[in-house]
Amino acid sequence: MSCRLHLNQPLEAGTIVDLPANLAHYLHTVMRHAVGDTVILFNGHGGEYHAVIDSLSRKAASCRITAFENIDREMACRVHIVQGACRSEKIETVLQKGTELGAAGFHITRSERSSLKLDGSKLDARLDRWRKIVTEAAEQSGRTIVPAVHWHTRLSDTPCHGLGLTLHPHTAASWQQIRTEIRESSEITLAVGPEGGWSDADIATLRERGFRSIAFGPRILRTETAAPALLAAIQAVQEQ
């Protein structure tokens, strides 16, 4: 299987593109590729480009794009994840696994029980790291779209696209009761609380934003488990 690389620039069949130094190092030193080897490029705007390595060293590389393939590996339903800010390693798990499972985008948000506080240069550095994790997960999983990652300092600023659902263990509404709505939805936003879950004030805010509370099974999931589990469940329901 050809190595997949994301390039944040326009791509076109029949052209030669220069790769940034980090990708040149990756091809040369990590993957042990050579001139003439094939790779796949994508820029996150759909489809992927077949290319041949034209030149390669540890610090520089170029590829000749030979063909465009209008392939689509995205979920039919766009699923957005609103994740309550928690410990960074847990957020990274959500971003990586959520990207692999097809999330359309991520909104990391502060809430009443959030333990993570970010601003200024620290926030910029963390967003760079998170976006790198998402890009690498998209490369590895064969996605043609790279999900966006956003940070919100207030829960009230988070969007609710389409059917809005939030997990709450103490609610009468169950996953089974809304399976038909999920199957028929073209866009869903899932809101998952931080460690300790959403507070009553958070639930009220989410309700004002258009979210409905549901319970997902008899057990309480960890914050880093919930979004990937729900993504997999939504895909299973929609493919029935």
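The values are calculated or read from the model by the stated rules, or taken from the named source; none is laboratory data. Quantities reported herein were computed from a predicted structural model and do not represent experimental measurements. Backbone-built Cβ (ideal geometry, glycine too); neighbour counts: all protein chains shown. The protein model used for the area step is the full one, side chains on, heavy atoms only, and it has no ligands, DNA or RNA in it. Shrake-Rupley method; radii C 1.70, N 1.55, O 1.52, S 1.80 Å.
Scan the stretch 81-104 and tell me whether some residue there is open to solvent by 60 Å² or more (accessible area, probe 1.4 Å), polar (S, T, N, Q), closer than 30 Å to Glu181 by Cβ and at pLDDT 95 or above. Yes, because at least one residue in the stretch 81-104 is open to solvent by 60 Å² or more (accessible area, probe 1.4 Å), polar (S, T, N, Q), closer than 30 Å to Glu181 by Cβ and at pLDDT 95 or above. For Gly193, the conditions (1) open to solvent by less than 40 Å² (accessible area, probe 1.4 Å); (2) under 21 Å from Ala236 (Cα atoms); (3) among the small types (Gly, Ala, Ser) are fulfilled apart from (2). Applying a threshold of 8 Å to beta carbon distances and a minimum spacing of six or more residues, or different chains, the list of pairs starting in the stretch 196-225 at a residue that is touching a residue at least 60 places away in the same chain (Cβ under 8 Å) and ending at one that is open to solvent by less than 30 Å² (accessible area, probe 1.4 Å) and assigned to a strand (DSSP E or B) reads Trp198/Gly84; Trp198/Thr166; Trp198/Ala191; Asp202/Gly84; Thr223/Gln83; Thr223/Gly84; Thr223/Val192. In the stretch 1-13, the residues that are within 13 Å of Gly46 (Cα to Cα) form Cβ pairs under 9 Å with partners that are open to solvent by 70 Å² or more (accessible area, probe 1.4 Å) and in a loop (DSSP other than H, G, I, E, B), at six or more places apart or across chains, as follows: Pro10/His45; Leu11/His45.
Of all residues being in a strand (DSSP E or B) and open to solvent by less than 20 Å² (accessible area, probe 1.4 Å) in the stretch 44-60, which is farthest from Leu163 (Cα to Cα)? Just the residue, please.
Ile53
Considering only the stretch 186-240, state which residues are part of a strand (DSSP E or B), of a type outside the set (Asp, Glu) and closer than 14 Å to Val82 by Cα.
If we filter the stretch 186-240 for residues that are part of a strand (DSSP E or B), which is where we start, we get 187-192, 211-215.
Pick out the ones that are also of a type outside the set (Asp, Glu) and you get 188-192, 211-215.
Those that are part of a strand (DSSP E or B), of a type outside the set (Asp, Glu) and closer than 14 Å to Val82 by Cα: Ile188, Thr189, Leu190, Ala191, Val192, Phe211, Arg212, Ser213.
Can you pull out the residues in the stretch 198-221 that are at pLDDT 90 or above and not hydrophobic (A, V, I, L, M, F, W, C)? Across the stretch 198-221, the qualifying residues are Ser199, Asp200, Asp202, Thr205, Arg207, Glu208, Arg209, Gly210, Arg212, Ser213. Counting the residues of the stretch 111-142 that are out of contact with any Cys (no Cβ under 9 Å at 6 or more places or on another chain) and either buried (at least 20 other Cβ atoms within 10 Å of the Cβ) or of a type outside the set (D, E, K, R) (or both) gives 16.
May I ask you to list the residues in the stretch 61-77 that are over 22 Å from Gly162 (Cα atoms) and among the acidic types (Asp, Glu)? Please lay out each step first, then the result.
In the first step, residues of the stretch 61-77 are kept if they are over 22 Å from Gly162 (Cα atoms); the result is 61-71.
Glu69 - this is the single residue of the stretch 61-77 that is over 22 Å from Gly162 (Cα atoms) and among the acidic types (Asp, Glu).
Beta carbons closer than 8 Å, at least 6 apart along the sequence or on distinct chains, pair a first residue in the stretch 122-133 that is within 16 Å of Gly98 (Cα to Cα) with a second that is among the hydrophobic types (A, V, I, L, M, F, W, C) and in a helix (DSSP H, G or I) for Trp130/Ile91; Trp130/Leu95; Ile133/Leu95.
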